[in-house]
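Data block below; observations after.
The values are calculated or read from the model by the stated rules, or taken from the named source; none is laboratory data. Just so it is clear, the model here is predicted, and its values are computed rather than measured. Ideal geometry is used to build each Cβ from the backbone, glycine not excepted, and the neighbour counts take in all protein chains shown.
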Amino acid sequence: MLWETVKLAMLSIRRNVLRSVLTLLGIVIGVAAVIAMVTIGSGTSQKVQDDLSKLGSNMLIVRPGQNTFGPPTVSEARSFKERDVAILRSQLSGVRAMAPSASKTTTVVFGALNDQATVTGSDTGFFTVQDWTFAAGRPFGEAEVRAGAAVCVIGETIRSTLFGGIDPIGQRLRTGGFDCQVVGLLEAKGQSAFGTDQDNTVIMPLRTFQRRLAGSTRIANIYISVANREDVPRVQADTERILRELRRVAPGAEDNFTVRDMTQIASTLAATSTVMTALLGAVAAVSLLVGGIGIMNIMLVSVTERTREIGIRLAIGALGRQVLTQFLVEAIVLALFGGVIGIAVGLGLAGMAAFGMAIPFAADPRIVALAFVFSGLIGVIFGFFPARRAARLDPIEALRHE
Amino acid sequence: MSEAGPLVSLAGVERLYGEGGGAVRALAGVDLDIASGSFVAIMGPSGSGKSTAMNIIGCLDRPTRGTYRFAGVDVTGLDRDQRARLRRSYLGFVFQGYNLLARTTALENVELPLIYRGLPRGQRRQRAAEAIRLVGLEGREHHTPAQLSGGQQQRVAIARAIVTEPLLLLADEPTGNLDTARSHEIMDLLTGLNRERGLTVVMVTHEPDMAAYASRSIRFVDGHVAGDETRRAT
Ligand SMILES: Nc1ncnc2c1ncn2[C@@H]1O[C@H](COP(=O)(O)OP(=O)(O)OP(=O)(O)O)[C@@H](O)[C@H]1O
Ligand SMILES: [Mg+2]
C-alpha cells in the first residue's frame, strides 16, 4: 500500500516535472547551502588543524617584540641570547623539548642548480618541537651542534629541485659561501597555515648558522614544546615571568617579547568558522522555509486541480486517511526529491571549492543523512495542511468539480 | 444481513439543502424499498431529486430526516469512514461522466477500489483483468481513458464498479453521454450483470428506451416518488 502510494506520488510529480522542479528550488537551495557550507567549513577547519598540527603540538613560540603572528622573522626588537635559552631550559618544568632558532632566506646551490630557501639554525630539539620526521639520514647530533659543524638537514622541496634523482645524503650543499654536508632528509609537510612551503628548508646547527651565515649571535625564536596540554598555560606564564626578568621589563610595562600558544590560534580560527557557519545556517533556514511554503503552495494547487480525482477515490471507498496519506507521501517525495538534488548540488559546490581552495573534501555522511531526513520533515510539515484539506473533501461536491 | 428483506429501504427520507426559509427540499419524504436482484430505473424531470436519492442510497450522502436501511442494517447515522467502508465493500458506482482517473490505464483504474481494500497486487491484477474481460474490453487493459471511446470508458467504469463484487450497482445517467447504439450496448451489459450475476442495479435515466431494460420503473417529481411500476419479466 505504501509503495503503491509512493509510486502514485512519483507519477504525479512526473506529470508536472517543470512545476515540481520550480517548486523545489527553495529546498534545493536551502539543502545545497547547508551541505556546501558544512562540507567546506569542516574542510577548512580540518585544513587549519592539519596545518597547525604540522607546526608541532602543544607548542609555544617565543619571539622578541609585540608583532602579530605570521612567518617567523628576525624582529627589530632586541633578540634573544643563548643565555636566555639556557636559563629557560634550567627553570621551566614540564617541557618536552626546546629549540632556539634563527632563519634567513638565501640562495642554496648544488652543482649547477640553485634555489631560494629558508635556512634555519637551531639545535637537536628543533626536530622534536616541530614534529619533523626523517625520510632518510639523521638529524645532526649534540656534538655537531656544540662544534658548529658544517652539516645540514634538507626539506623535500630542496631535494626535488636541486638533487633530482641523486641521493642527497652525504652530498655537499653550498649556501651563503660555505659548503655543508647533507646528513638528513625530512619527510614532506606541505604548505603551512600561512601558505608558505615548509619543505623549502635547510636546517643546520645554530652556531654554524650564526657564524657562517648570519654573522651574529641573535636568536629570533625560541620554540617550546610542552609535554602535557594542560601545562601549556602554566609554562606560558612561567616563560613570560622569566623573560620579563631577564629582559628587565619594568613592572607594569608591556612585554618586549611575545609568547604565543599555537593551539590557541587554532581554536581562534575554529571560532571564526563557527560564526560563518551560523550565518550561512540562517540563510539556509530561510531558504528551507521558503521551500516549505513552496511545497505547501504546490500541494494546495494540486489538491484543487485534482478535486475530481479525489472525489472518485473517496466515492469508490478510499478512507479519509488513505487520501491524506497519498497527498502527504506526495509532499514528502517531492521534498525528498528536492533534498536529494540539493545534496548533490551542495556536494558538487563543496567539491569544486575543495579543489579551488586546496582544502580536503570533508563530506560528512551524517550531515547528508540529516539533510535528507530534514527535507522529508519539511514535506511532512508543509504537506500536512493541503493533504488534510484533500482528505476532508465531500465526495459529492468533489465529483461535481470541473 | 437478512436475506428476506429489501436490499434498500428508505423510510420518510428528506434531504434539505441550506437552512431556514431559503432551504431547498431536494427530497421531501421518500419511502422506497428495492428488492435484492432487481433492476430499477429512476426517471423524472430535472431537479426532481433523482441524483440526491442516488447519493443517499450510495451512502455518499446522509438524509436530513428519515432512516435508510441497507441490507437490513440502519446506516443513517454512519460516519464518513464507516460509509466509505460500506461503499467499498457493497456498492459500485457508475457516473454519467465516466469519472476515470486520467493518464491511468484501464487496468489500473479497475484495480483502484481493490487497492483501498488492501488486496495484494497479484490478486488485484487478476480480478481487475477478469472484470475487464466481463465488460468486453479484453486487449484494452493498458489503454488510458484518452485512448478509449466514450462507450469503452463507460465499460471500464462498470468494470471498476463490479470488481469488488458489490451487492448494489448505482448508475446515474450511465448513457447520458453516449449515442443510441452505444447506450444499448451498455444497457445490455447491465442487464447481463443483473440477470447472470444477480447484481441489483439502480439506474437514473431520462430515456424511456433505456428505462425499458429495467424490471421496475420509479418516477420522481419534486422530491417525491410519484409513480412506481413493476413489469413482468419480458
Ligand atoms: N449541493 C446542493 N446544494 C443546494 N441545492 C442542491 C444541491 N444539490 C442538489 N440541489 C438541489 O436539489 C434538487 C434536486 O437535485 P438533483 O440533483 O437530485 O436533481 P436530479 O433529479 O438529479 O436532476 P437532473 O435530472 O438534472 O440530474 C435541485 O433543486 C437542486 O437544485
Ligand atoms: Mg441528476
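Please give the number of the condition residue B:227 fails out of (1) within 14 Å of another protein chain (Cβ to nearest Cβ); (2) free of Cβ contacts under 8 Å to residues at least 12 places away in the same chain; (3) within 15 Å of ligand 1 (Cβ to nearest atom).
(1)
Which is within 16 Å of ligand 2 (Cβ to nearest atom) and part of a strand (DSSP E or B), of B:69, B:15?
B:15
Against the condition closer than 18 Å to residue A:129 by Cβ, at pLDDT 90 or above and in a loop (DSSP other than H, G, I, E, B), how does residue A:199 come out, does it pass?
So residue A:199 fits the description; yes.
What do you reckon, is residue B:44 away from every other protein chain (no Cβ under 14 Å), touching a residue at least 12 places away in the same chain (Cβ under 8 Å) and within 9 Å of ligand 1 (Cβ to nearest atom)?
Spelling it out, residue B:44 is indeed away from every other protein chain (no Cβ under 14 Å), touching a residue at least 12 places away in the same chain (Cβ under 8 Å) and within 9 Å of ligand 1 (Cβ to nearest atom).
Which one of B:51, B:9 is under 27 Å from residue B:212 (Cα atoms), part of a helix (DSSP H, G or I), of a type in the set (S, T, N, Q) and modelled with pLDDT of 95 or more? First the steps, then the outcome.
Values: B:9 fails: part of a helix (DSSP H, G or I).
Among B:51, B:9, only B:51 is under 27 Å from residue B:212 (Cα atoms), part of a helix (DSSP H, G or I), of a type in the set (S, T, N, Q) and modelled with pLDDT of 95 or more.
Would you say residue B:148 is farther than 19 Å from residue B:170 by Cα, buried (at least 18 other Cβ atoms within 10 Å of the Cβ) and at pLDDT 95 or above?
Judged against the criteria, residue B:148 is a match.
Starting from residues that are within 16 Å of ligand 2 (Cβ to nearest atom) and surrounded by fewer than 20 Cβ atoms within 10 Å (Cβ to Cβ), keep the ones in region B:26-48 and report whichever is nearest to residue B:214 (Cα to Cα).
Filtering first and then ranking leaves B:45.
So how many residues does region B:122-176 have that are of a type outside the set (Gly, Ala, Ser), within 16 Å of ligand 2 (Cβ to nearest atom) and over 13 Å from residue B:92 (Cβ atoms)?
2
Consider residue A:297 against the criteria (1) more than 14 Å from every other protein chain (Cβ to nearest Cβ); (2) in contact with a Gly (Cβ under 9 Å, 6 or more places away or on another chain): it satisfies all of them except one. Which criterion is unmet?
Exception for residue A:297: condition (2).
Which of (1) basic (Lys, Arg); (2) buried (at least 21 other Cβ atoms within 10 Å of the Cβ); (3) away from chain B (no Cβ under 14 Å) does residue A:313 not meet, given it meets every other one?
Only one criterion in (1) basic (Lys, Arg); (2) buried (at least 21 other Cβ atoms within 10 Å of the Cβ); (3) away from chain B (no Cβ under 14 Å) is unmet by residue A:313, namely (3).
Hey, could you check region B:103-122 for residues that are touching a residue at least 40 places away in the same chain (Cβ under 8 Å) and within 8 Å of chain A (Cβ to nearest Cβ) and say which is surrounded by the fewest Cβ atoms within 10 Å (Cβ to Cβ)?
B:103
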